[in-house]
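Contents: one structure, followed by commentary.
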Amino acid sequence: MLEIIALYFLCRINGKLAIKKGLNPTRWKIYTVGAWIVAEMIGVILGIFLFGQNNLPGLMAMGLVSAFGGYLYIKYILEHKPDSLDDDINNIGRFN
């Protein structure tokens, strides 16, 4: 349950970053959820190879750390995209 709450707030962060970059926030939120799930599965599989099937806390920790890595991967991609061209110079003469 706590994972879902954390994922909700992390998706909001990536959504705001996508808006800043001039991209579709819904798409990047979906990418964040997908990367979270895929990275968590990879982490659990890697944890099974490292810790064995009987070490549940180790598997859960490995899955959670890997899932957060999936979020960080999408955030890294977003951060390295160029900002939108909606600079102040383009707003000269506009009244908001």
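Fraction of C-alpha pairs exceeding 19 angstrom in the stretch 1-55: 42 percent, rounded to a whole number. Across GLY70, GLY43, GLY58, mean-square fluctuation computed from a Gaussian network of the chain (C-alpha pairs under 10 Å connected) peaks at GLY58. Stretching the chain fully between ASN54 and ILE13 yields a gain of 11.2 nm (0.36 nm per residue, less the alpha carbon separation).
Give the relative contact order (percent, whole number) for the chain; include only Cα pairs under 8 Å separated by 6+ residues. Walk me through the numbers before you get to the answer.
Numbers: 92 pairs, mean separation 29.5, N = 96.
Value for the chain: 31 percent.
Hydrodynamic radius of the chain by the Kirkwood approach over all distinct alpha-carbon pairs: 14.9 Å.
Carbon-plus-sulfur accessible fraction, the chain (probe radius 1.4 Å, protein heavy atoms only): 67%.
What's the extension gain from VAL38 to VAL65 if we count 0.36 nm per residue and subtract their Cα-Cα distance? Write down the numbers at each step before the final one.
Working: separation 27, 0.36 × 27 = 9.72 nm, distance 1.23 nm.
Difference between extended and current length: 8.5 nm.
Dipole of the chain computed with +1 at Lys/Arg Cβ and -1 at Asp/Glu Cβ about the Cα centre; of ILE42, ILE5, MET60, farthest Cα towards the positive end is ILE5.
The values are calculated or read from the model by the stated rules, or taken from the named source; none is laboratory data. All figures in this text were calculated on a predicted structure; none of them were measured in a lab. Because the Cβ atoms are built from the backbone with ideal geometry, glycine has one as well, and the counts that use them run over all protein chains shown. Just so you know, the surface numbers come from the protein's heavy atoms only, side chains and all, with ligands and any DNA or RNA stripped out. Shrake-Rupley method; radii C 1.70, N 1.55, O 1.52, S 1.80 Å.
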